[in-house]
Amino acid sequence: MKNRIEQRRLRHRRLRQKVKGTAARPRMALYFSNKNITVQFIDDEAAKTIAAVSTTGTGAKLNVATATETGKKAAEAAAAKGVSLVVVDRGGFTFHGRVKALVEAAVAAGLKISDSETTQEAK
């Protein structure tokens, strides 16, 4: 049996087969270490990071409140670069707790993770 880190890496590889970032809709990659949270907006076609936010050096605890604040900061950083529509790459982590709080805070701050509104306008 593999350990938890290996299992997460396998889930992430499986997820990355389906999730691709473009210039119009970059990938919002989430990573949670033991001490920090990192969010990157990545254009996979150009292999470039558009914007990034991290809790490194802030001394913040790794909890839901910190994840919520990081989600708000990530949405602001994305908006500063002109990004409004993203695809979420949860990095193999379960969509629960800190991951869910971060994504919901980013959506509340103005990011869109679904293009259903733009699809309906096109019809």
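Scanning region 79-102 for residues that are surrounded by 13 or more Cβ atoms within 10 Å (Cβ to Cβ) and under 16 Å from Val19 (Cα atoms) turns up Leu85, Val86, Val87, Val88, Asp89, Arg90, Gly91, Gly92, Phe93. Filtered by the rule that a residue be in a helix (DSSP H, G or I) and either over 19 Å from Lys35 (Cα atoms) or of a type in the set (Lys, Arg) (or both), region 52-102 gives Lys72, Lys73, Ala75, Glu76, Ala77, Ala78, Ala79, Ala80, Arg98, Lys100. Restricted to region 25-51, and to residues there that are in a loop (DSSP other than H, G, I, E, B) and of a type in the set (Lys, Arg), the residue that is modelled with the lowest pLDDT is Arg25.
Picking from residues in region 43-67 that are among the hydroxyl-bearing types (Ser, Thr, Tyr) and surrounded by fewer than 18 Cβ atoms within 10 Å (Cβ to Cβ), the one that is farthest from Ser84 (Cα to Cα) is Thr58. Here's a check for you: in region 17-53, which residue that is in contact with a Leu (Cβ under 9 Å, 6 or more places away or on another chain) and touching a residue at least 60 places away in the same chain (Cβ under 8 Å) is farthest from His96 (Cα to Cα)? Looking at residues that are in contact with a Leu (Cβ under 9 Å, 6 or more places away or on another chain) and touching a residue at least 60 places away in the same chain (Cβ under 8 Å), I get Ala24.
The values are calculated or read from the model by the stated rules, or taken from the named source; none is laboratory data. Not measured: the values here are computed from a predicted model. Neighbour counts run over all protein chains shown; Cβ positions are idealised from the backbone, glycine included.
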